[in-house]
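The values are calculated or read from the model by the stated rules, or taken from the named source; none is laboratory data. Note that the structure is a prediction, hence the values are computed from the model and not measured. Heads up, the Cβs are rebuilt from the backbone with ideal geometry, glycines too, and the neighbour counts pull from every protein chain shown. Keep in mind that these areas ignore ligands, DNA and RNA; they rest on the heavy atoms of the full protein, side chains included. Shrake-Rupley method; radii C 1.70, N 1.55, O 1.52, S 1.80 Å.
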Amino acid sequence: MNAEEDSRSGKQRQVIHQTTMMLPYFDEEVPALYLADDTAYLPVRALCRMLGLRPETHIPRWRKLVLWASARKLPLQTARGQRIVWCLHRGALPFWCACFNWSLVAPLRREQLRQAADAWHEDVAQAHRLLLECYRSWRRFLFTFLNAYSDAETWLDRWALPFTYSLDAAASLHLDQLLSQGKTLINEVTAQVRKMVQEQAMAPVVDMIALDADGAGTEIGMLPLFPVVPREDCEQLLLSLRRLVQWHQEMAGLIGNLKHSQNGDQSGEV
């Protein structure tokens with residue numbers, strides 16, 4: 001058994017549930033295989049039968065496409081027993097529908113394909129708008145953070161200076177420890193933020209062009225080709241920000257205690 005077969009065998013053992021699924025727009029019930037993580041896969045032969053396509057003719061061609069990167073060979077239980085068949089990730093269905101000539105299917109199916117494609121295009125457009133909105137929000141936050149903490153060490157030292165001569169040894173040590181901790185946290189988060197900003201700057205962009213009534217184009221801006229902020233980067237940054245927020249809370253508590261102590265001393269003098 002070669003490495004590819006070993007991999008397929010491992011994937012086959014992940015199948016935990018077989019059921020059927022009614023495909024929207026096509027009003028067709030097809031088998032569906034769910035893996036342990038609830039990812040759904042659809043047998044390619046069942047999809048071909050639905051549209052009247054010959055799988056033995058098309059599958060060798062489709063296997064050469066990027067589409068097939070998400071395909072898996074999985075065990076399908078049929079009336080004749082279990083068979084190992086090619087299956088596509090359910091999310092790849094819109095792309096699969098664009099991989100064959102629609103003139104090969106019946107007129108009713110062509111109309112269903114058109115309706116499905118229109119709906120999928122709108123879904124993709126909506127998803128892109130949401131991604132772009134999230135991307136822009138993250139980008140605004142990253143630059144706001146860099147601006148707010150651009151000179152953190154200087155203003156922290158300047159803020160702490162008035163307390164230098166009025167604190168006892170224990171309070172002074174506590175303040176120094178918190179200041180050192182805060183500077184370290186700020187430097188760590190700043191490094192993460194700068195890394196994310198630099199990665200965004202290196203990402204490919206596309207020009208936005210507006211066409212006038214005569215068809216002449218005018219460049220109106222640029223957009224990232226893939227407006228995605230990596231989840232791992234977001235999670236790591238949020239974790240660091242929680243630590244920074246906790247530090248701010250500790251600093252706020254210390255400041256409150258110091259002010260209370262100073263006010264008490266001034267009252268005692270009076």
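For the list (1) open to solvent by less than 70 Å² (accessible area, probe 1.4 Å); (2) more than 25 Å from LEU108 (Cβ to Cβ), I need the number of the one condition that ALA46 fails.
(2) is the only condition that ALA46 fails.
Quick test of your reading of the structure: GLN112 fulfils all but one of (1) within 20 Å of HIS17 (Cα to Cα); (2) within 33 Å of the chain's Cα centre (by Cα). Name the failing condition by number.
(1)
Determine, yes or no, whether VAL205 is at pLDDT below 90 and either open to solvent by 100 Å² or more (accessible area, probe 1.4 Å) or within 30 Å of ALA125 (Cα to Cα) (or both).
Considered against the rule, which asks whether it is at pLDDT below 90 and either open to solvent by 100 Å² or more (accessible area, probe 1.4 Å) or within 30 Å of ALA125 (Cα to Cα) (or both), VAL205 comes out as yes.
Take GLU219 and decide whether it is open to solvent by 80 Å² or more (accessible area, probe 1.4 Å), outside any loop (DSSP other than H, G, I, E, B), acidic (Asp, Glu) and free of Cβ contacts under 8 Å to residues at least 12 places away in the same chain.
In short, no.
Of all residues in segment 79-122, which are more than 18 Å from GLY52 (Cβ to Cβ), open to solvent by 50 Å² or more (accessible area, probe 1.4 Å) and free of Cβ contacts under 8 Å to residues at least 12 places away in the same chain?
Passing the criteria: ALA79, ARG80, GLN82, ARG83, ASP118, HIS121, GLU122.
Any idea how many residues of segment 120-162 are among the small types (Gly, Ala, Ser), within 26 Å of GLN192 (Cβ to Cβ) and in a helix (DSSP H, G or I)?
Final tally of qualifying residues: 4.
Which is modelled with pLDDT of 95 or more and either within 26 Å of the chain's Cα centre (by Cα) or surrounded by 14 or more Cβ atoms within 10 Å (Cβ to Cβ) (or both), of LEU185, LEU167, LEU179, LEU225?
Sole residue among the options that is modelled with pLDDT of 95 or more and either within 26 Å of the chain's Cα centre (by Cα) or surrounded by 14 or more Cβ atoms within 10 Å (Cβ to Cβ) (or both): LEU185.
Within segment 76-116, track down each residue that is in contact with a Cys (Cβ under 9 Å, 6 or more places away or on another chain) and under 26 Å from ASP38 (Cβ atoms).
Answer for segment 76-116, where residues must be in contact with a Cys (Cβ under 9 Å, 6 or more places away or on another chain) and under 26 Å from ASP38 (Cβ atoms): LEU76, ALA116.
Against the definition (surrounded by fewer than 16 Cβ atoms within 10 Å (Cβ to Cβ), modelled with pLDDT of 90 or more and of a type in the set (Ser, Thr, Tyr)), how does SER150 come out, yes or no?
yes
Quick test of your reading of the structure: THR190 fulfils all but one of (1) more than 38 Å from the chain's Cα centre (by Cα); (2) in a helix (DSSP H, G or I). Name the failing condition by number.
(1)
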